[in-house]
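Visitor: Can you read through this structure? Questions will come right after.
The values are calculated or read from the model by the stated rules, or taken from the named source; none is laboratory data. It should be emphasised that the depicted structure is a prediction, and the values quoted were computed from it without experimental measurement. Neighbour counts are summed over all protein chains in view; Cβ atoms, including those assigned to glycine, are modelled from backbone coordinates with ideal geometry.
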Amino acid sequence: MKKQKKLMEQPCSECSSSLEQRLISQEFEREGVKVKLSGIKAWVCKGCGEIYFQPGGADKVAKAANSLFELAFVEKQHKGTLTAQI
Ligand SMILES: [Zn+2]
């Protein structure tokens with residue numbers, strides 16, 4: 001089996017700076033409803049700030065955001081921001 005290269009060993013594809021692991025927050029908006037996810041583990045470029053997720057991470061973040069939107073719509077929390085800590 002081939003060894004997969006870990007993301008942190010690769011430089012930023014935009015500016016070739018090194019990546020450091022950080023906990024980030026992301027906000028999403030849909031139909032006027034805002035949801036925020038915080039505590040997401042990701043690799044952030046020290047040079048340009050480009051964010052790289054772990055393999056499959058972006059998918060999971062999108063799924064979590066979708067779940068939050070569902071909750072927000074069910075609860076009619078159309079005002080303010082629904083925040084989830086991972
Ligand atoms: Zn960069």
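Visitor: I'm trying to understand the selection: among the residues of the range 15-54, which are surrounded by 14 or more Cβ atoms within 10 Å (Cβ to Cβ), small (Gly, Ala, Ser) and out of contact with any Cys (no Cβ under 6 Å at 6 or more places or on another chain)?
Guide: 42
Visitor: What are the residue pairs meeting all of these: first residue in the range 8-36, first residue farther than 18 Å from residue 54 by Cα and touching a residue at least 24 places away in the same chain (Cβ under 8 Å), second residue assigned to a loop (DSSP other than H, G, I, E, B) and more than 16 Å from the ligand (Cβ to nearest atom), Cβ atoms under 8 Å, and 6 or more apart or on different chains?
Guide: 32/78; 33/77; 33/78; 34/80
Visitor: Also, I was wondering about something else. Could you check how many residues of the range 55-82 are modelled with pLDDT under 85, in contact with a Lys or Arg (Cβ under 9 Å, 6 or more places away or on another chain) and surrounded by 12 or more Cβ atoms within 10 Å (Cβ to Cβ)?
Guide: Final tally of qualifying residues: 2.
Visitor: Among the residues of the range 57-66, is any within 10 Å of the chain's Cα centre (by Cα), assigned to a helix (DSSP H, G or I) and among the acidic types (Asp, Glu)?
Guide: Yes, the range 57-66 has at least one match.
Visitor: Does residue 13 satisfy the condition of being hydroxyl-bearing (Ser, Thr, Tyr), in contact with a Ser or Thr (Cβ under 6 Å, 6 or more places away or on another chain) and either within 16 Å of the ligand (Cβ to nearest atom) or modelled with pLDDT of 90 or more (or both)?
Guide: Against the criterion (hydroxyl-bearing (Ser, Thr, Tyr), in contact with a Ser or Thr (Cβ under 6 Å, 6 or more places away or on another chain) and either within 16 Å of the ligand (Cβ to nearest atom) or modelled with pLDDT of 90 or more (or both)), residue 13 does not qualify.
Visitor: Further, regarding this structure: Filter the range 31-56 down to residues that are closer than 19 Å to residue 21 by Cα and either outside any strand (DSSP E or B) or touching a Ser or Thr at 6+ places or on another chain (Cβ under 9 Å) (or both), then give me how many there are.
Guide: 14
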